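Let me begin by presenting the structure, written as structure tokens, before commenting on it.
The values are calculated or read from the model by the stated rules, or taken from the named source; none is laboratory data. This structure is a prediction, so every number in the text was calculated from the model and none was measured. Positions of Cβ are generated from backbone atoms using ideal geometry, with glycine treated the same way; all protein chains shown enter the neighbour counts. The area values use the complete protein model at the heavy-atom level, side chains included, leaving out ligands, DNA and RNA. Shrake-Rupley method; radii C 1.70, N 1.55, O 1.52, S 1.80 Å.
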Amino acid sequence: MKPDDKNAALPLHERPFRILIIAGSGRKQYNCPGVDSKARMLMLKMADRLPQGWEIDYEDLSNAYGRAHIQSCNACVSTSMALCVWPCNCYKKNSRAEPDFMWDADLYGRLDMADAWAIIGPVNWYAPTSNLKLMFDRMVCMNGGNPYEKLIAHKDPEMAMALEHTELWKQLSINHLEGRTAGFFCYGDAGGDEMDENNVPKILQHKNYFDGDAEPFKDMRQAYAPLVWQCRYGGIEVPENLWQYAESGVGKKYSDNQSENVIEDFDYMSKFENWVQQFEKFVSAKGKVPPGKYRAYGYKAPPHLWNEIKTGLRAFRLRFGKAPANSSAQKQIDLKLNRNTTLHPKKTEGEKLREQ
């Protein structure tokens, strides 16, 4: 059935079981490259295949022209875990300055409402797609993020660093989506028809630079290991049999390996069908997952105009090398470690370097 987000407010025994399917490819038919991805086709097939008594939500992360993209993670955790707010407050819904797909598509809330996630996407250069990686980077806040941004005046790094050393922080920092299940189906083409008999690109001139048989992964599903292990560290269960990889179009032109081609590939589609069956069996037996203490569902960001003004004043003072006393920023300035004092922080390092 179609998802009804109001059901997420119901007691656990009253609401339907719910899953979220994510298609992680960047391809979209309405702009470059002009063709929808296999991930989207598989997402829709899975949605049609699963029990229709479930709430089946799905989302396509592809790059639609003019639509908000997933903004990059600002790595708040590396300054202080307490600076990383659950759900992420580096961006906001319907922002003109920094439109963010995570917020505009309510992905935090939808990941929260789901009992299980099904992630489908290609392997691009031995890695997940940039869109999937961006989504998971932005999900770091589920791994112990701060549920009370008021304690750090929205985004004050010095307050966050102090909070991280308190007893209160030990109570606040929990895995917010723990208990759910995630399944991963990734796929590739082994380089299509571009590889020679030594597993080296045919067009490569310097073939002596490396051994093509020593490629990073013998088991190509390991390309998605960063996403799988992020889930596991956050208490999201990823069973081994729900982490699968399949190949199609090996030795063929990329143009001959589209959705209309792979649906005729028996081995490929059988692997996918088997993965869907195992996913359905596992999550059905596991059942519904109780919501976390601090929910992304229904979350409304508090007003923080005054705190944003204070953050802006802090940033303005930093342009003149004036950081808060005894702060990490001030220590780095004193030790000449960052060389980042500038009246024009939007300028690239290349621009500043050439102006010296």
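Among the candidates Lys310, Lys300, the residue that is part of a loop (DSSP other than H, G, I, E, B) and not polar (S, T, N, Q) is uniquely Lys300. Which residues, taken from region 296-350, are farther than 19 Å from Met161 by Cβ, in contact (Cβ under 8 Å) with a residue 60 or more places away in the chain and among the hydroxyl-bearing types (Ser, Thr, Tyr)? Tyr297, Tyr299 - these are the residues of region 296-350 that are farther than 19 Å from Met161 by Cβ, in contact (Cβ under 8 Å) with a residue 60 or more places away in the chain and among the hydroxyl-bearing types (Ser, Thr, Tyr).
Of the residues that make up region 183-206, is at least one polar (S, T, N, Q) and either open to solvent by less than 30 Å² (accessible area, probe 1.4 Å) or in contact with a helix residue (DSSP H, G or I) (Cβ under 6 Å, 6 or more places away or on another chain) (or both)? Don't jump to the end; show me each part of the working.
First, pick out the residues of region 183-206 that are polar (S, T, N, Q): 198-199, 205.
If we keep only those that are either open to solvent by less than 30 Å² (accessible area, probe 1.4 Å) or in contact with a helix residue (DSSP H, G or I) (Cβ under 6 Å, 6 or more places away or on another chain) (or both) too, we end up with 198-199.
Checked region 183-206: at least one residue is polar (S, T, N, Q) and either open to solvent by less than 30 Å² (accessible area, probe 1.4 Å) or in contact with a helix residue (DSSP H, G or I) (Cβ under 6 Å, 6 or more places away or on another chain) (or both).
Just the residues that are without any contact (Cβ under 8 Å) to a residue 12 or more places away in the chain and more than 14 Å from Trp125 (Cα to Cα), please, taken from region 197-210. Passing the criteria: Glu197, Lys202, Ile203, Leu204, Gln205, His206, Lys207, Asn208, Tyr209, Phe210.
Across region 238-250, not a single residue is classified as of a type outside the set (Gly, Ala, Ser), over 28 Å from the mean Cα position of the chain (by Cα), surrounded by fewer than 18 Cβ atoms within 10 Å (Cβ to Cβ) and under 27 Å from Ile56 (Cα atoms). Among helices (runs of 4 or more DSSP H) entirely within region 1-113, having at least 1 residues that are crowded, with 21+ Cβ neighbours inside 10 Å and out of contact with any helix residue (DSSP H, G or I) (no Cβ under 9 Å at 6 or more places or on another chain) singles out 38-49, 101-104.
For region 218-238, state whether one or more residues are over 30 Å from Asp104 (Cα atoms) and among the aliphatic types (A, V, I, L, M).
Within region 218-238 (the criterion being over 30 Å from Asp104 (Cα atoms) and among the aliphatic types (A, V, I, L, M)), the answer is yes, since at least one residue qualifies.
Of all the numbered requirements in (1) more than 25 Å from the chain's Cα centre (by Cα); (2) surrounded by 15 or more Cβ atoms within 10 Å (Cβ to Cβ), Ala214 misses one, and that requirement is (2).
Listed here are the residues, each with its yes/no results for (1) at pLDDT below 95; (2) of a type in the set (Val, Ile, Thr); (3) within 25 Å of Lys28 (Cα to Cα).
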site: Ile56; (1), (2), (3): no, yes, yes
site: Tyr65; (1), (2), (3): yes, no, yes
site: Gln71; (1), (2), (3): no, no, yes
site: Ser80; (1), (2), (3): no, no, no
site: Cys84; (1), (2), (3): no, no, no
site: Pro87; (1), (2), (3): no, no, no
site: Ala97; (1), (2), (3): yes, no, yes
site: Leu107; (1), (2), (3): no, no, yes
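I'd like to check something: does region 181-201 contain any residue that is in a loop (DSSP other than H, G, I, E, B), of a type in the set (A, V, I, L, M) and touching a strand residue (DSSP E or B) at 6+ places or on another chain (Cβ under 9 Å)? The answer is yes; a qualifying residue exists. You will find that of Phe266, Phe279, the residue that is open to solvent by less than 40 Å² (accessible area, probe 1.4 Å), among the aromatic types (Phe, Trp, Tyr) and closer than 30 Å to Val250 by Cβ is Phe279 and no other. Contact map, region 231-247: residues that are under 14 Å from Ile174 (Cα atoms) paired with residues that are surrounded by fewer than 18 Cβ atoms within 10 Å (Cβ to Cβ), Cβ distance under 6 Å, separation 6+ or inter-chain. Pairs shown: Gly234/Asn175; Gly235/Asn175; Gly235/Glu178.
Is it the case, given these coordinates, that Leu353 is in a helix (DSSP H, G or I), among the aliphatic types (A, V, I, L, M) and more than 26 Å from Lys6 (Cα to Cα)? Full working, then the answer.
Details: in a helix (DSSP H, G or I): yes; among the aliphatic types (A, V, I, L, M): yes; more than 26 Å from Lys6 (Cα to Cα): yes.
For Leu353, the condition - in a helix (DSSP H, G or I), among the aliphatic types (A, V, I, L, M) and more than 26 Å from Lys6 (Cα to Cα) - is met.
Being part of a loop (DSSP other than H, G, I, E, B), at negative phi, polar (S, T, N, Q) and exposed (fewer than 14 other Cβ atoms within 10 Å of the Cβ) is a property that Asn338 has. For Trp125, the conditions (1) on the phi > 0 side of the Ramachandran plot; (2) in contact with a strand residue (DSSP E or B) (Cβ under 8 Å, 6 or more places away or on another chain) all hold with the exception of (2). For region 270-279, a residue qualifies if it is more than 15 Å from Ala47 (Cα to Cα) and free of Cβ contacts under 8 Å to residues at least 12 places away in the same chain, and exactly one does: Ser270.
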